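Notes follow the structure.
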Amino acid sequence: MTMRANVNPAKRHDKLKRELPLYVMLIPAVTLVAIYSYGSMAGLVIAFQKFVPTKGLFGSEWIGLRNFRNLFTMPDIFGVIRNTVLISMGKMIGGIIVPVLFALLLNEVASSRLKRTYQTIVYIPNFLSWVILAGLFVDILSPSNGIVNQALGKLGVGPVFFLGDKTAYPITMIVTEVWKSFGFGSVIYLAALTGIDPSLYESAEIDGAGRWRQTLAITLPGIMTTIVLMTVLSMANVLNGGFDQIYNTYSPAVYTTGDILDTFVYRLGIQNAQFALSTAAGLFKSIVSFVFIVVSYFLADRVAGYRIY
């Protein structure tokens, strides 16, 4: 049986005095989180009310789950959920495969200067907002004078309305999101590559293994735990289709395949003033996302030994 050591009050006081500035620095961040993340949760009661803005949260009539029943009887809701899941899954798959491939390719670059240059170039799009990128893609992907359709025309392919065709739009959203974020996403895999023992490559080279064989036998197994972990954790975003991207690029012509839960909630609540229905839709998304977060962290613990302490 072990006895708990008594903490010297003087040492505890010195530690608190030393760390006090750090706690003070946290006050603004904790305050903002408390107000906007936790304080705003009181508004979830609107999902169970026949909400009238003039009556407020306490004066509106309580109607239970009627808003949820109305929500799931709307003709577009299941199409919106389908679009959200398909676009999110496409982004998740591309967001794993492309960064891994880029990290593997960049790892083969011998010159450290070239490697830093390539990294900097592919990192830049991640720091640009979709307000800026949407304007660029509208011009680049224009069916009349966009550079992409001009190149396709020289190859004998007719103009493609990437942002206005309901078939092309979801694919365009997936590809552009992966292009924007793959450079930054590769940082984790590049860090994992540095943890592989160099002697393994030396032994493989002595045995006559080429670079391709070394990649399959050493590199990929060496970062497989990281790949599995990132794949499992990405499950939490299964209902996050990317509001900024979709809202800045979509139009009524592509609602059938491009409308997602976030934009659907925005139109219900902000544009159509159906506050109760939009709150119910947002709460449904939050509950499903919470379940996926719990499941993803459970699987991350079981599969990759990842825990948050």
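The values are calculated or read from the model by the stated rules, or taken from the named source; none is laboratory data. This one's a predicted model, so the numbers in the text were calculated from it and none came from an experiment. So basically every Cβ, Gly included, is an ideal-geometry build from the backbone, and we count neighbours across all protein chains shown.
Given 72, 58, 78, which one is exposed (fewer than 12 other Cβ atoms within 10 Å of the Cβ), within 30 Å of residue 169 (Cβ to Cβ) and not hydroxyl-bearing (Ser, Thr, Tyr)?
Values: 72 fails: exposed (fewer than 12 other Cβ atoms within 10 Å of the Cβ); 58 fails: within 30 Å of residue 169 (Cβ to Cβ).
Answer to the check: 78.
Please specify each residue of region 207-221 satisfying the condition of being part of a loop (DSSP other than H, G, I, E, B) and surrounded by fewer than 15 Cβ atoms within 10 Å (Cβ to Cβ). It would help to see each step written out before you state the result.
Initial filter on region 207-221 (part of a loop (DSSP other than H, G, I, E, B)): 207-210.
Answer for region 207-221, where residues must be part of a loop (DSSP other than H, G, I, E, B) and surrounded by fewer than 15 Cβ atoms within 10 Å (Cβ to Cβ): 207, 208, 210.
Could you check, for region 222-231, whether at least one of its residues is farther than 30 Å from residue 298 by Cβ, of a type in the set (Ser, Thr, Tyr) and buried (at least 17 other Cβ atoms within 10 Å of the Cβ)? Outline the logic, then answer.
Step one: of region 222-231, the residues farther than 30 Å from residue 298 by Cβ are none.
The answer is no, given that none of the residues of region 222-231 is farther than 30 Å from residue 298 by Cβ, of a type in the set (Ser, Thr, Tyr) and buried (at least 17 other Cβ atoms within 10 Å of the Cβ).
Anything in region 150-170 that is over 22 Å from residue 260 (Cα atoms) and under 29 Å from the mean Cα position of the chain (by Cα)? List them, or say none. I'd like the intermediate steps shown before the answer.
Going through region 150-170, the residues over 22 Å from residue 260 (Cα atoms) turn out to be 150-160.
The one that is over 22 Å from residue 260 (Cα atoms) and under 29 Å from the mean Cα position of the chain (by Cα): 160.
Which condition number does residue 138 fail, the rest of (1) within 24 Å of residue 234 (Cβ to Cβ); (2) touching a residue at least 24 places away in the same chain (Cβ under 8 Å) being met?
In the conditions (1) within 24 Å of residue 234 (Cβ to Cβ); (2) touching a residue at least 24 places away in the same chain (Cβ under 8 Å), residue 138 misses (1) alone.
Need pairs with beta-carbon distance below 6 Å; first residue of a type in the set (S, T, N, Q) and part of a helix (DSSP H, G or I) and within region 177-189, second modelled with pLDDT under 90 and surrounded by fewer than 17 Cβ atoms within 10 Å (Cβ to Cβ); sequence gap 6+ or separate chains.
Final answer for the pair search is 181/126.
Could you tell me whether any residue of region 29-50 is β-branched (Val, Ile, Thr) and either surrounded by fewer than 10 Cβ atoms within 10 Å (Cβ to Cβ) or not in a helix (DSSP H, G or I) (or both)?
We begin by selecting, within region 29-50, every residue β-branched (Val, Ile, Thr); these are 30-31, 33, 35, 45-46.
Checking which are either surrounded by fewer than 10 Cβ atoms within 10 Å (Cβ to Cβ) or not in a helix (DSSP H, G or I) (or both) leaves us with none.
Taking every residue of region 29-50 in turn, none turns out to be β-branched (Val, Ile, Thr) and either surrounded by fewer than 10 Cβ atoms within 10 Å (Cβ to Cβ) or not in a helix (DSSP H, G or I) (or both).
Are any residues in region 232-256 assigned to a helix (DSSP H, G or I), of a type in the set (Val, Ile, Thr) and under 30 Å from residue 301 (Cβ atoms), and if so, which ones? Can you show your working first?
Of region 232-256, the ones assigned to a helix (DSSP H, G or I) are 232-237, 243-249, 252-256.
Next cut, of a type in the set (Val, Ile, Thr) only: 232, 246, 249, 254, 256.
Result: 232, single match.
Can you report the number of residues in region 63-103 which are assigned to a helix (DSSP H, G or I) and touching a residue at least 60 places away in the same chain (Cβ under 8 Å)?
So the answer is 26.
Tally time: how many residues in region 1-57 are under 30 Å from residue 283 (Cβ atoms), among the polar types (S, T, N, Q) and at pLDDT below 85?
3
Scan region 194-211 and report the pairs whose first residue is closer than 18 Å to residue 106 by Cα and charged (D, E, K, R) and whose second residue is modelled with pLDDT under 85 and part of a loop (DSSP other than H, G, I, E, B), with Cβ atoms within less than 8 Å and a gap of 6+ or a chain change.
These pairs meet every condition: 211/108.
Looking at region 281-292, is at least one residue of a type in the set (Lys, Arg) and either free of Cβ contacts under 8 Å to residues at least 12 places away in the same chain or in a loop (DSSP other than H, G, I, E, B) (or both)?
The answer is no, given that none of the residues of region 281-292 is of a type in the set (Lys, Arg) and either free of Cβ contacts under 8 Å to residues at least 12 places away in the same chain or in a loop (DSSP other than H, G, I, E, B) (or both).
Would it be correct to say that residue 106 is surrounded by 14 or more Cβ atoms within 10 Å (Cβ to Cβ) and in a loop (DSSP other than H, G, I, E, B)? If you could, list the steps in order and put the result at the bottom.
On the way: surrounded by 14 or more Cβ atoms within 10 Å (Cβ to Cβ): yes; in a loop (DSSP other than H, G, I, E, B): no.
It is false that residue 106 is surrounded by 14 or more Cβ atoms within 10 Å (Cβ to Cβ) and in a loop (DSSP other than H, G, I, E, B).
Looking only at region 125-176, which residues are aliphatic (A, V, I, L, M), farther than 28 Å from residue 81 by Cα and not in a helix (DSSP H, G or I)?
155, 157
Restricting region 137-171 to residues that are in contact with a Leu (Cβ under 9 Å, 6 or more places away or on another chain) and exposed (fewer than 12 other Cβ atoms within 10 Å of the Cβ), which is nearest to residue 79 (Cα to Cα)?
158
Among the numbered criteria (1) out of contact with any Pro (no Cβ under 6 Å at 6 or more places or on another chain); (2) over 30 Å from residue 234 (Cα atoms); (3) assigned to a loop (DSSP other than H, G, I, E, B), which single criterion is violated by residue 204?
Among (1) out of contact with any Pro (no Cβ under 6 Å at 6 or more places or on another chain); (2) over 30 Å from residue 234 (Cα atoms); (3) assigned to a loop (DSSP other than H, G, I, E, B), the lone unmet condition for residue 204 is (3).
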